[in-house]
Protein chains: 2
Amino acid sequence: MNFNLTNSIEILQRTPDTLILMLKDISPEWTTGNEGAETWNVYDIVGHLIHGEKTDWMARTELILSDNVNKTFESFDRFAQFEESKGKTLNQLLNEFKMLREKNIEQLLSKKLTDKQMEEKGVHPVFGDVTLSQHLSTWVVHDLNHIAQISRVMAKQYKLNVGHWVDYLKILQ
Amino acid sequence: MNFNLTNSIEILQRTPDTLILMLKDISPEWTTGNEGAETWNVYDIVGHLIHGEKTDWMARTELILSDNVNKTFESFDRFAQFEESKGKTLNQLLNEFKMLREKNIEQLLSKKLTDKQMEEKGVHPVFGDVTLSQHLSTWVVHDLNHIAQISRVMAKQYKLNVGHWVDYLKILQ
């Protein structure tokens, strides 16, 4: 499928409610266990998604579309959630993510972006040129990546309970 | 986390609405593309989940709890959905899955299963003994496995659109 904004927003606007449905009020055993040392639990992942809404997706979109001479993105802090989520419940994080995402989609749509604008470029600090359509496509895939990760992290909390099935369930490998 | 029925049902009862939220009325480009030859698209996966509700999870539960001398499970047909889904829309499949799942959870809860019953066994045709708790745990992990798979299959429809990001998004590998 070629990139198109309508199809992209179909995914972006569903993600908060999908996560609310999967996670709101669920027993904490599902959301506090991770996949082992240096891995994230569900709570960490939702915090990471919030940090992206605040600092990455629309900020980089604005930079790409700006008149700035230097369009190099600021580095994204992959560990910001460990500080920023402190003291918040998972339900609070889910609501915060939904609110931020709605605001960002509204901001994105308000730009009435043209196909030409979709080819404008920013500069990623590691790998260089990124077009706006590549950036927005990445936002979509990033959502789906983390929905899959959340499913996997939750599945692994039951790994020891499935007996011989462990070898047949790809998600547990 | 040790197996427990309450936590298991938390997942099982959320899956249909999660899939409805992710997929209902979405553009068909997201649900008709697969990951390459011999792989399933989203429509195939939802059909597979339906076949499990009809023939696997509760049928095997009933067999495990029965007085049968032979408790060997019937083989599960992993390709049944290619025939059974014919002529149905994805929205119809999603509603059918929700209806079947609700009925199965009701049937499961009506049994008021004891810890002792959770240790009763059936026989898998390939790997032998399976306790009821292992069977029900597998049902839960199987749901999460397919939510992750659906996310991955959808993400791959955008693989060619993310530019250099392709190397950074694990779900696209």
The set of residues whose placed amide H lies less than 5 Å from the amide H of B:E35, leaving out same-chain residues fewer than 5 positions away, is B:W40
If R0 = 35 Å, then A:Q92 and A:L160, at their Cβ-Cβ distance, give a FRET efficiency to the nearest 0.05 of 0.70
On protein heavy atoms with a 1.4 Å probe, the accessible surface that disappears when B meets A, both sides summed and given to 100 Å², is 4800
With the label point 7 Å along the Cα-to-beta-carbon line of B:T32 and a cut-off under 20 Å to each amide N, the hits in region B:148-166 are B:150-161
Losing no less than 20 Å² of accessible area (probe 1.4 Å) relative to the isolated chain, the residues of region B:22-55 are B:M22, B:I26, B:S27, B:E29, B:W30
Descending accessible area (1.4 Å probe), largest on the left, turns B:R78, A:R60, B:R152 into B:R78, B:R152, A:R60
Quick tally, 1.4 Å probe accessible area for A:E120, A:E96, B:E102, sorted with the most first, runs B:E102, A:E120, A:E96
Order by accessible surface, 1.4 Å probe, largest leading, for residues A:L23, A:L160 comes to A:L160, A:L23
Residue-normalised value, i.e. accessible area per residue, for region B:12-155 at 1.4 Å probe, in Å², stands at 45
Computed over chain A, the relative contact order (Cα-Cα under 8 Å, seq sep at least six) in percent reads 31
Karplus-derived 3J(HN,Hα) from phi for region B:166-171 (6.51 cos²θ - 1.76 cosθ + 1.60, θ = phi - 60°), whole Hz, x at Gly and Pro, runs 4, 7, 9, 9, 3, 5
Expressed as a percent, the accessible surface of chain B that is carbon or sulfur, using a 1.4 Å probe and the full set of protein chains, is 50
Over all Cα pairs of the protein assembly as shown, the Kirkwood radius sets Rh, and Rg/Rh then becomes 1.00
The Cα radius of gyration of region B:70-118, divided by 2.2 N^0.38 Å with N its residue count, comes to 1.58
Computed ³J(HN,Hα) along region B:26-33: with the Karplus parameters 6.51/-1.76/1.60, θ = phi - 60°, integer Hz and x for glycine or proline, the list is 6, 4, x, 4, 6, 10, 9, x
Filtering chain A for DSSP H helices with an axial alpha carbon extent of at least 24 Å and a Kyte-Doolittle mean of at least 0.5 returns A:5-23
Heavy-atom accessible area of B:D115, protein chains in place, probe 1.4 angstrom, given in Å² to nearest 10, is 130
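The values are calculated or read from the model by the stated rules, or taken from the named source; none is laboratory data. Not measured: the values here are computed from a predicted model. Neighbour counts are summed over all protein chains in view; Cβ atoms, including those assigned to glycine, are modelled from backbone coordinates with ideal geometry. With ligands, DNA and RNA removed, areas are computed over all heavy atoms of the protein, side chains included. Shrake-Rupley method; radii C 1.70, N 1.55, O 1.52, S 1.80 Å.
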